[in-house]
Ligand code: ADP
Ligand code: MG
């Protein structure tokens, strides 16, 4: 069966300088090229008198229209104007930033002859829309669902703003995924089941940023960032600049002319340098030819890989120092790093790879996936997995997020009733029915707990949900349907519904409320093992008590029924009334009774009842025997 647009979801790596879109199609991940044939698209928007350009065309005209060519929106998104980063970045940008009404930064450009202001979200949404269009064109359909990646260090405000940008662009965000996690997923590192924790270093050297993350992946495939570091202003653009400066000096020496003040010339030189830099990652020498660069001079030169390396060696050394710092923060010796993953276009530079490999004493690096595509690749694996749950091939690629601890409700006797067991892949929905536990009960109080212990109060209370104005009825007659629903994002919604009155109520528990530190989760799981015997004992005891309580309730209910009383002799009625009364009292004073005591009481009670029922049955059959005889 072919894939319909319903079971397609794309993944977008929204980068500071370049963005990339990928999709799972024909049983593999495809990186989708834009209409220029490029597999990554500059995160760049240009406004002109007539048009608005996005991606390659925007970047290509940047030199001649710098004030209206906006890039780096990712550095602004979710930040305030007063943010120190915004204040220092602003000084470097050719476009204008002002303070908006709510204290947010506004990007000011001239578009079609008029001054226009944009929020960073709007710029990012244009990039996200462009990536969506690239995918829509390739897949020939309108793909709504998307996984979007964000840096691991993004705070809530930056994540929210990114999500908002995606919504504006027409995406339904399945998940915001951390970039290093996506890279680890791309290499299937989360599939290393049954081999204990592995330490993975993600080295991401992109266009304008450098991020190092040390993540631990446990045997269940859970990826956790242990430490991260980096340099928010180090990347491919810096390497380009070094080359540009080199040629500015060369031009000066050759022609005694300074081109450093001429934006247009510099811009054209920068484009040529970027191209040369890329070529030098696969060859050892390349040339630069620019017609009419300055004062009618055609500029033509050569550059070797060795020269390029010499120009940038300090940057590369800086990167290695940052790696060491990250390991120090994580308190992990480099010998304990199991995998090193290359991410970011600038890790295509051979010297960067060599230095990193040397740093890890010759360890081989994960680099079989193009580094500037690895994040989008991993995100697409996750996207496919999230929408195509039945496809085993997809499912085997990656373990989905799972519930780290069980989720459930408190039952009578402070018993934890598990509704969603631990390690259930999310999203997940489960419905259960609960019955009233006393006569004329008008209100249900549903306590939602998380944990592995039998006694509810030994677990974590997540919240309480009340459902009142229930129809009054004898115990167990009124029921409510309780639904536990965890969405893709890990948010739990517990809703309760009473079918007769239609009353309903719900409770939302955020992902953060459900999330605990590794230590807390581990403690909970260890305690569950440690107290397993006690817990089982407790469960057995409470279940026995509840069963006995139900039995006695049913007995009392039966003895209130005149039809039943009519079948018994007066004496038996009296005995049964007394038994029911005594048992009710007994239950009240023996709430903490041990299992054996409860079991004995239950046996005794059932024995008395049985003997009376048997007598009744004998009498009934005698009566019917006599009546047949008479006839
Ligand atoms: P981002 O930092 O926005 O996530 P990328 O990871 O795509 O972006 O990295 C973009 C950078 O990678 C650019 O500076 C680009 O020049 C650089 N780059 C891409 N390909 C190569 C290559 N073959 N050799 C060296 N640098 C490259
Ligand atoms: Mg990136």
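Readers should treat all values here as calculations from the given coordinates under stated rules, not as data from a laboratory. If you're wondering where the values come from, they're calculated on a predicted model, not measured in any experiment. Ideal geometry is used to build each Cβ from the backbone, glycine not excepted, and the neighbour counts take in all protein chains shown.
Projected label points at residue 282 and residue 588, each 7 Å from Cα along the beta carbon direction, are separated by 8.7 nanometres.
Relative contact order of the range 403-530: 23 percent, from C-alpha pairs under 8 Å at least 6 residues apart in sequence. Rounded, prolate or oblate: which fits the range 95-134 when a ≥ b ≥ c are the square roots of the eigenvalues of the alpha-carbon gyration tensor, with rounded for a/c under 1.5 and prolate only if a/b beats b/c? Taking the square roots of the gyration eigenvalues as a ≥ b ≥ c, the range 95-134 is oblate. Is the range 289-391 best put as rounded, prolate or oblate by its Cα gyration tensor, with a ≥ b ≥ c the root eigenvalues, rounded for a/c under 1.5, and otherwise prolate when a/b is larger than b/c, oblate when not? Oblate is the answer for the range 289-391, as a/c is 1.5 or above yet b/c matches or exceeds a/b. In degrees, nearest 10, range 0 to 90: what is the angle between the Cα axis of helix 532-559 and the longest Cα principal axis of the chain? Relative to the chain, helix 532-559 is tipped by roughly 50 degrees. Here the range 305-330 and the range 68-91 have alpha carbon centers that stand 26 Å from each other.
For the range 91-159, the square roots a ≥ b ≥ c of the C-alpha gyration tensor eigenvalues yield an a/c of 1.5 or more together with a/b not exceeding b/c, which makes the shape oblate. Relative contact order of the chain: 10 percent, from C-alpha pairs under 8 Å at least 6 residues apart in sequence. Enclosing the Cα atoms of the range 410-565 in their convex hull gives a volume equal to 113 cubic angstrom per residue.
Taking the 0 to 90 degree range and rounding to the nearest ten, how far is the long axis of helix 156-168 tilted relative to the main principal axis of the chain, both from C-alpha atoms? The helix 156-168 is inclined about 80 degrees to the chain. For the chain, the longest principal axis of the C-alpha atoms and the axis of helix 570-589 are separated by about 40°. Taking every DSSP beta bridge that has both ends in the chain, the antiparallel portion is near 85%.
One quarter of the surface of the convex hull around the alpha-carbon atoms of the chain equals 40.3 nm², the direction-averaged projected area.
Using just its DSSP H runs of length 4 or more, each adding -39500 (n - 2.57), the chain gives a mean residue ellipticity at 222 nm of -13000 deg cm²/dmol after division by all residues. Taking every DSSP beta bridge that has both ends in the range 133-247, the antiparallel portion is near 75%. With the convex hull constructed from alpha-carbon coordinates only, the range 536-630 shows a mean projected area of 6.8 nm² over all directions. Residue exposure proxy: 359, 239, 551, ordered by other Cβ atoms within 10 angstrom of their Cβ from fewest to most, comes out as 551, 359, 239.
Normalised by the number of residues in the range 150-289, the mean separation of alpha-carbon contacts (under 8 Å, six or more apart) gives a relative contact order of 14 percent.
The residues 28, 475, when put in order of fewest to most other Cβ atoms within 10 Å, stand as 28, 475.
Centre-to-centre separation between the Cα atoms of the range 102-117 and those of the range 472-518: 46 Å.
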